[in-house]
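*Asks:* Input: one structure, supplied below.
The values are calculated or read from the model by the stated rules, or taken from the named source; none is laboratory data. Only a predicted model underlies this, so the values are computations on that prediction, with no experimental measurement involved. Accessible surface areas use protein heavy atoms only, side chains included; no ligands, DNA or RNA. Shrake-Rupley method; radii C 1.70, N 1.55, O 1.52, S 1.80 Å.
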Amino acid sequence: MIEALLKGLALGLILALSVGPVIFTIIKQSIYNGHEGGFSFVAGVWISDIVLVILSNAFTELVKELLEYKKLIGYTGSSFLLAMGVYYLFFKKVKIRANGSGLEVKLDRKDHTQIFLSGFLINTLNPSVIIFWLVNATAFAVTHTLQQRIIIFTTCILFNILADAAKVLLAGSLRKRLTVHNISLITKISGGILIGFAFALIYGIIFWSDKVH
């Protein structure tokens with residue numbers, strides 16, 4: 001059991017420290033929309049990870065078949081990232097007002113739903129995330145029992161949830177020291193980063209396709 005816990009922690013650490021569009025969007029959402037927006041976004045990411053973990057462990061062959069459509073999933077994901085990046089870079093308007101306690105933004109149920117879905121889709125439509133879970137699920141299935149795998153992936157998910165929560169709280173605390181202009185600038189920078197990830201994903205798909213053929 002201790003070995004399974006350690007492997008789960010190691011897997012969670014790798015996932016928490018991985019650099020991708022998710023981590024930059026967590027920071028952007030937390031700075032722009034505060035803790036509420038940040039937690040709505042990471043909640044979508046968490047649900048996505050949980051779904052992918054279950055599918056990867058219970059339906060390995062199904063996930064392998066989904067990877068046959070890796071190019072389609074990748075192009076869909078890159079298009080989604082590109083659209084979000086262009087929106088944040090050119091069209092997103094900062095709707096934050098200052099009050100006595102700092103910068104404040106009000107989110108309604110629709111805002112929370114949209115932010116949640118963006119987190120779910122950014123994570124789910126990233127082929128590298130699917131491959132990450134599938135490779136580890138397949139590897140552990142060969143050498144570990146079902147109980148051990150449950151411990152490994154549960155520990156991994158819980159560790160990643162704590163890490164994401166820490167990112168949200170740290171980024172959210174920074175917004176108290178930022179002006180509306182600075183937050184608007186950060187939004188545009190994050191848009192540019194998302195566009196960069198979109199083109200990097202497209203390049204990766206093309207390179208992977210050429211390498212296979």
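*Asks:* To the nearest whole percent, what portion of all C-alpha pairs in the range 116-177 is separated by more than 13 angstrom?
*Replies:* Tail of the P(r) past 13 Å holds 74 percent of the pairs.
*Asks:* Hey, any idea what % of the range 1-55's accessible area is carbon plus sulfur with a 1.4 Å probe?
*Replies:* Carbon and sulfur atoms account for 83 percent of the accessible area of the range 1-55.
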